[in-house]
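This report refers to the structure that appears directly beneath it.
The values are calculated or read from the model by the stated rules, or taken from the named source; none is laboratory data. Bear in mind the structure is a predicted one, so any value in this text is a computation, not a measurement. In this analysis, Cβ positions are derived from the backbone assuming ideal geometry, glycine residues included, and neighbour counts consider all displayed protein chains.
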Amino acid sequence: MKEFPYSESKDTRSGFGAGLHELGKSNPNVVALTADLTGSLKMDAFKKDFPERFFQVGIAEANMMGIAAGLTIGGKIPFTGTFANFSTGRVYDQIRQSIAYSGKNVKICASHAGVTLGEDGATHQILEDLGMMKMLPHMTVINPCDFNQTKAATIAIADYEGPVYLRFGRPVVPNFTPADQQFEIGKAVVLNEGADVSIFATGHLVWKAILAGKILAEKGIDAEIINIHTIKPFDEEAVLASVRKTRCAVSAEEHQMNGGLGDSVAQLLAREEPLPLEMVAVNDSFGESGTPDQLMEKYGLMENDIVAAVEKVLARKRK
């Protein structure tokens with residue numbers, strides 16, 4: 001099992017803030033909008049240095065999406081910032097009608113996704129957002145795994161023409177991907193090559209998959225670990241290449257089982273390569289208040305849960 005050293009842990013929302021600030025310096029068409037959450041979205045540096053390109057719309061998320069759509073008509077590249085729940089569930093109609101339907105070049109940037117939002121509870125811990133957004137035609141959906149990858153993804157989507165949903169979070173997580181990486185939309189990253197099982201992970205669960213891989217290696221199980229940072233467009237080629245080698249798979253995500261990464265893997269396998277698949281995800285449930293670690297454990301999103309899913313799918317593979 002390959003080693004993944006890291007020197008520090010950071011929150012992925014800070015990666016977004018750093019990437020947005022870099023874009024402010026390099027691309028004069030980039031503008032930023034927020035719905036009363038400048039600090040939470042780490043947009044302070046952009047606001048300070050580029051005040052003429054920063055718009056505080058207040059607690060009016062639907063209005064923010066409409067303004068963002070309008071700004072694209074003048075050639076601007078708007079980045080909207082609020083919590084993932086308010087970036088999707090609260091404004092789905094505006095996104096569908098004003099942004100996705102007409103393919104507007106809006107970057108919907110969403111923090112505090114999943115149960116790792118923690119103590120704010122179920123009303124803020126959206127677990128359906130990836131599914132909601134990937135079902136929209138024209139929408140690109142990205143869920144990076146650490147600070148460096150979130151920063152790189154933020155910079156990359158400015159050069160992509162079309163609507164993008166970029167998901168990240170509040171908790172501090174290991175920062176293990178290269179600082180100088182070139183983020184390629186729609187291209188999965190093979191983190192560890194293996195022969196026994198494919199583990200497809202996204203977002204915060206990528207690091208959990210790496211920890212699971214170390215446990216599995218001690219058990220003599222050789223896991224291939226792939227970072228699916230782009231949910232849509234889905235890297236079907238990478239997924240099929242891996243499962244055709246290992247003949248079984250596990251998906252891992254901080255999202256509902258329905259509609260997320262596992263759903264995309266299952267659809268692909270059903271069409272192209274019917275093979276055993278187990279999903280590590282929240283199983284048709286809302287979240288609740290608690291610390292991120294407590295909730296990740298309760299809802300079965302830890303490395304030991306990935307290990308158990310691997311052992312289960314291997315048993316199915318051998319039948």
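The table for this structure:
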item	result
Residue tally, condition in contact with a strand residue (DSSP E or B) (Cβ under 8 Å, 6 or more places away or on another chain), surrounded by 22 or more Cβ atoms within 10 Å (Cβ to Cβ) and outside any helix (DSSP H, G or I), over segment 70-120	17
Residue within segment 193-207 that is of a type in the set (Ser, Thr, Tyr), under 30 Å from Ile73 (Cβ atoms) and either in contact with a helix residue (DSSP H, G or I) (Cβ under 6 Å, 6 or more places away or on another chain) or assigned by TED's automatic domain parsing to the domain that holds Gly39 (or both) present	no
Residues that are buried (at least 17 other Cβ atoms within 10 Å of the Cβ) and not in a helix (DSSP H, G or I), drawn from segment 20-39	Val30, Val31, Ala32, Leu33, Thr34, Ala35, Leu37, Thr38
Flag if Asp263 is part of a helix (DSSP H, G or I), farther than 21 Å from Lys312 by Cα and among the acidic types (Asp, Glu)	no
Inter-residue pairs, beta-carbon under 9 Å, first crowded, with 17+ Cβ neighbours inside 10 Å and in segment 169-192, second aliphatic (A, V, I, L, M) and part of a loop (DSSP other than H, G, I, E, B), 6+ apart	Gly169/Ala113; Arg170/Ala113; Ala188/Ile228; Val189/Ile228; Asn192/Met1
Residues being in a loop (DSSP other than H, G, I, E, B), under 13 Å from the mean Cα position of the chain (by Cα) and not hydroxyl-bearing (Ser, Thr, Tyr) - total across segment 160-213	8
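Conditions tested, residue by residue: (1) touching a Ser or Thr at 6+ places or on another chain (Cβ under 8 Å); (2) within 22 Å of Lys214 (Cα to Cα); (3) part of a loop (DSSP other than H, G, I, E, B); (4) among the basic types (Lys, Arg).
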{"residue": "Val250", "(1), (2), (3), (4)": "yes, yes, no, no"}
{"residue": "Asn258", "(1), (2), (3), (4)": "no, no, yes, no"}
{"residue": "Gln267", "(1), (2), (3), (4)": "no, no, no, no"}
{"residue": "Leu301", "(1), (2), (3), (4)": "no, yes, yes, no"}
{"residue": "Ala308", "(1), (2), (3), (4)": "no, yes, no, no"}
